[in-house]
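The values are calculated or read from the model by the stated rules, or taken from the named source; none is laboratory data. Note that the coordinates shown come from a computational prediction; the quantities given were computed from them, not determined experimentally. Quick reminder, even Gly has a Cβ in these numbers, built from the backbone with ideal geometry, and neighbours come from all protein chains shown. With ligands, DNA and RNA removed, areas are computed over all heavy atoms of the protein, side chains included. Shrake-Rupley method; radii C 1.70, N 1.55, O 1.52, S 1.80 Å.
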Amino acid sequence: MLGNNIKELRKNKRMTQKDLAEAMRVSQQTVGAWETERAIPGADTLSDLADYFNVTTDYLLGRPEKKDDNTKTADIDDDDVIFTYEGRQIPKEDLELIRRIMRGTRNDIK
C-alpha cells in the first residue's frame, strides 16, 4: 500500500524516481525500494513525503483519513444549542427537567 501510494503520487506529479530522490535527498535506489516495499521510509522521511505531496501520513500508509462516526456532542447547559427529539425542538421547560434529573434533584419534579 505505502509503496503504491508513493509511486502514484510521484507519477501524478510527473516525476521520475530520480526527481523524487533529489527532492528527498536520497538515492534513486532508495525511492525504488520504497515503491517496491523492499524498504520503508523512517518516520521523519514519511512526514517529509507527506508534506512534499501535501497529503497526510495516514494517506501514505493507506489508513482512512478520519473516522466518521457522526458523533456530535453538546452540553445540556448550553443555552445557545437547540436540542431536538424526533425532529421537534425540546421545550426549555423539558430541558430544565432533564437537567434536574441529571443532577439528581428529582424532588423538584412536579
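Working from the pairwise distances between different alpha carbons, so that the mean of 1/r is found and then inverted, what is the chain's Kirkwood radius in Å?
18.2 Å
GNM, the chain, Cα, under 10 Å: largest mean-square fluctuation among Val31, Val81, Val55?
Per the Cα network of the chain with a 10 Å cutoff, Val81 tops the list.
Within the accessible area of the range 7-53, what % is carbon and sulfur when the probe is 1.4 Å and the other protein chains stay in place?
Carbon-and-sulfur percentage of accessible area, whole number: 42.
Relative contact order for the chain using alpha-carbon pairs under 8 Å, separation at least 6, rounded to a whole percent?
Reported relative contact order: 19 percent.
Could you size up the charge dipole of the chain around its Cα centre, putting +1 on the beta carbon of Lys and Arg and -1 on that of Asp and Glu, and report it in debye to the nearest 20?
440 debye
Who wins for biggest fluctuation among Thr16, Thr36, Thr84 in a Gaussian network model of the chain, springs between alpha carbons below 10 Å?
Thr84
Averaged per residue, what accessible surface does the chain expose to a 1.4 Å probe, in Å²?
With all protein chains present, the chain gives 79 Å² per residue.
With the chain treated as a Gaussian network of Cα nodes joined by springs under 10 Å, which of Glu37, Glu86, Glu96 yields the largest mean-square fluctuation?
Glu86
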